[in-house]
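Mind having a look at this structure? Questions to follow.
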Amino acid sequence: MNIHNSELLFSRAQQSIPGGVNSPVRAFKSVGGNPLFMKSAKGAYLFDEDGNSYIDYINSWGPMILGHAFEPVVNAIKEKVANSTSFGAPTRLEVEMAELIKSMAPNVDLIRMVSSGTEACMSAVRLARGYTGRNKIIKFEGCYHGHADCFLVKAGSGIATLNIQTVPGVTAGVANDTLTAPYNNLTAVEKLAAENKGQIAAIIIEPIVGNMGCILPQPGFLEGLRKLCDEEKIVFIFDEVMTGFRLAPGGAQEKLKINADLVTYGKVIGGGLPVGAFGGKKEIMQHIAPLGNVYQAGTLSGNPIAMIAGFTLLNELKNNPSIYSELEKKGATLEKGLREILEYKKIPHQINRMGSMMSLHFCDHEVVDFESASNADIALFNKLFHHLLENGIYLPPSGYESWFLSNALSSGDIEKTINAFKNFAF
Ligand code: KE4
């Protein structure tokens with residue numbers, strides 16, 4: 001496979017950008033080799049700088065749920081951009097976007113737009129602290145909520161991929177207020193709550209995890225956290241940056257029928273443009289400035305171009321709910337195809353999936369938390385990654401990431417993926 005232009009670009013990039021990438025997970029550090037530079041994408045396909053094409057299972061780490069260069073989004077951006085790219089003043093579209101989100105997401109009385117998932121999650125935590133007057137938070141080992149200091153404690157995604165134990169620059173003071181527990185371990189959380197009674201402002205969780213591969217909550221886990229938060233007056237934050245609008249119009253809250261107190265969004269909400277959001281109960285959200293004193297701000301929050309992209313995509317999802325059953329069918333077909341091959345070849349494996357989020361782990365145990373995810377055969381995953389890449393299939397370049405299916409995937413694309421997998425010499 002000719003990747004000459006990508007190699008030239010990568011060596012140039014490293015002269016001007018740390019590690020040659022603007023986000024660490026793109027660097028192929030754990031899978032080995034050098035990152036491919038993409039030139040364009042359309043529907044389910046990526047095209048790199050050397051003209052190679054790939055069936056895309058990253059979809060920009062989630063946003064491209066209806067595929068790349070989705071016509072209605074492209075046209076909406078083209079039309080909007082002629083009227084300026086930013087005002088720094090409130091606009092009609094921001095009101096319409098907030099009302100659209102409230103019509104889709106359960107349990108959101110007020111919502112504030114920001115420009116990334118990190119910003120959404122860090123603002124939600126600040127709000128929970130301001131609302132409760134408490135300092136500590138509980139997060140889960142292997143979950144990733146963006147790169148704000150308070151989250152970089154036993155985090156997933158790039159932190160796990162690069163095996164960064166403690167992040168330099170995150171002070172002990174900050175880290176001491178972040179308590180961690182294993183995912184799916186309710187007892188461990190109840191113990192932390194008892195040991196820190198009256199000091200915990202929030203529990204923040206990925207309701208379905210996508211940052212240590214895909215990991216599902218075991219029955220009773222989220223329900224137990226909900227009950228604990230009610231009893232201890234802890235703010236329950238669902239980080240739906242990945243799951244929001246992807247698993248259902250109302251995300252994981254709808255899918256799992258569990259209400260959070262605050263919910264954060266990113267990725268799909270912006271249709272590939274920089275958008276995040278946090279929202280929830282009025283009783284809590286009304287503490288956000290200028291209504292309350294919990295300060296949060298952003299020059300480009302609610303930016304018209306980002307809003308029109310997200311607004312157009314969310315409307316498409318809201319008005320065509322069959323998209324979710326189509327994504328479920330595609331996910332189930334891919335999972336079945338891979339499972340049949342792995343069972344036939346007697347390869348120990350675990351496939352975790354919910355809808356269009358899934359991951360494959362080479363191990364003979366269930367993958368239910370960071371420890372079990374880490375005990376899988378990452379080296380074998382890395383070998384598979386490159387085999388599939390050479391066969392025109394682009395998986396996330398880390399065993400600690402969820403795959404994301406788009407509804408632009410055809411049955412032929414899924415068949416091609418399964419066939420490429422079949423030819424892998426385990
Ligand atoms: P951003 O700040 O990257 O928009 O969102 C942070 C974030 C928050 N919460 C969850 C559940 C997330 O998955 C993310 C970001 N996800 C990673 C992929 N695992 C983004 C990819 C990257 O870091 O480049």
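The values are calculated or read from the model by the stated rules, or taken from the named source; none is laboratory data. Everything numeric in this text was worked out from a predicted model, so none of it was measured. Glycine gets a Cβ as well: all are built from the backbone with ideal geometry, and neighbour counts include every protein chain shown. Note: areas computed on protein heavy atoms with side chains; ligands, DNA, RNA excluded. Shrake-Rupley method; radii C 1.70, N 1.55, O 1.52, S 1.80 Å.
Would you confirm whether or not the stretch 54-64 contains a residue that is modelled with pLDDT of 95 or more, open to solvent by 60 Å² or more (accessible area, probe 1.4 Å) and either more than 16 Å from the ligand (Cβ to nearest atom) or not hydrophobic (A, V, I, L, M, F, W, C) (or both)?
No, the conditions are met nowhere in the stretch 54-64.
Quick one: how many residues across the stretch 59-99 are within 22 Å of MET38 (Cα to Cα), assigned to a loop (DSSP other than H, G, I, E, B) and of a type in the set (Val, Ile, Thr)?
The number of residues fulfilling the criteria is 1.
Every residue, every condition in (1) part of a loop (DSSP other than H, G, I, E, B); (2) open to solvent by less than 30 Å² (accessible area, probe 1.4 Å), yes or no:
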| site | (1), (2) |
| --- | --- |
| LEU291 | yes, no |
| LYS329 | no, no |
| LEU342 | no, yes |
| PRO348 | yes, no |
| GLU366 | yes, no |
| LEU384 | no, yes |
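Select, from ASN211, ASN176, the only residue that is of a type outside the set (Val, Ile, Thr) and either open to solvent by less than 30 Å² (accessible area, probe 1.4 Å) or assigned by TED's automatic domain parsing to the domain that holds ILE378 (or both).
ASN211
Within 16 Å of the ligand (Cβ to nearest atom), outside the structural domain of LEU216 (by TED's automatic domain parsing) and within 17 Å of GLU335 (Cα to Cα): is that true of SER402 in this structure?
It is true that SER402 is within 16 Å of the ligand (Cβ to nearest atom), outside the structural domain of LEU216 (by TED's automatic domain parsing) and within 17 Å of GLU335 (Cα to Cα).
I'd like to check something: does the stretch 136-150 contain any residue that is in a helix (DSSP H, G or I) and of a type in the set (Val, Ile, Thr)? Spell out how you get there, then give the answer.
Residues of the stretch 136-150 in a helix (DSSP H, G or I): 149-150.
Checking which are of a type in the set (Val, Ile, Thr) leaves us with none.
For the stretch 136-150, residues in a helix (DSSP H, G or I) and of a type in the set (Val, Ile, Thr): absent.
Tell me, which strands (runs of 3 or more DSSP E) lie completely within the stretch 174-284 with 3 or more residues that are out of contact with any His (no Cβ under 6 Å at 6 or more places or on another chain), aliphatic (A, V, I, L, M) and within 16 Å of the ligand (Cβ to nearest atom)?
Strands (runs of 3 or more DSSP E) meeting the threshold: 200-205.
Kindly establish whether THR118 is in contact (Cβ under 8 Å) with a residue 12 or more places away in the chain, out of contact with any strand residue (DSSP E or B) (no Cβ under 9 Å at 6 or more places or on another chain) and open to solvent by 10 Å² or more (accessible area, probe 1.4 Å).
Criteria not met by THR118.
Follow-up question, since we're still on this one. Within the stretch 1-43, work out how many residues are under 23 Å from the mean Cα position of the chain (by Cα), within 30 Å of ALA155 (Cα to Cα), open to solvent by less than 70 Å² (accessible area, probe 1.4 Å) and not aromatic (Phe, Trp, Tyr).
12
Let me ask another. If you check every pair at least six apart or on different chains, which have Cβ atoms under 6 Å apart with a residue in the stretch 405-426 that is assigned by TED's automatic domain parsing to the domain that holds PRO63 and more than 21 Å from TYR344 (Cβ to Cβ) first and a residue that is of a type in the set (D, E, K, R) and part of a helix (DSSP H, G or I) second?
Short answer, once both residue conditions are applied: LEU405/LYS330; ASN407/GLU326; LEU409/LYS330.
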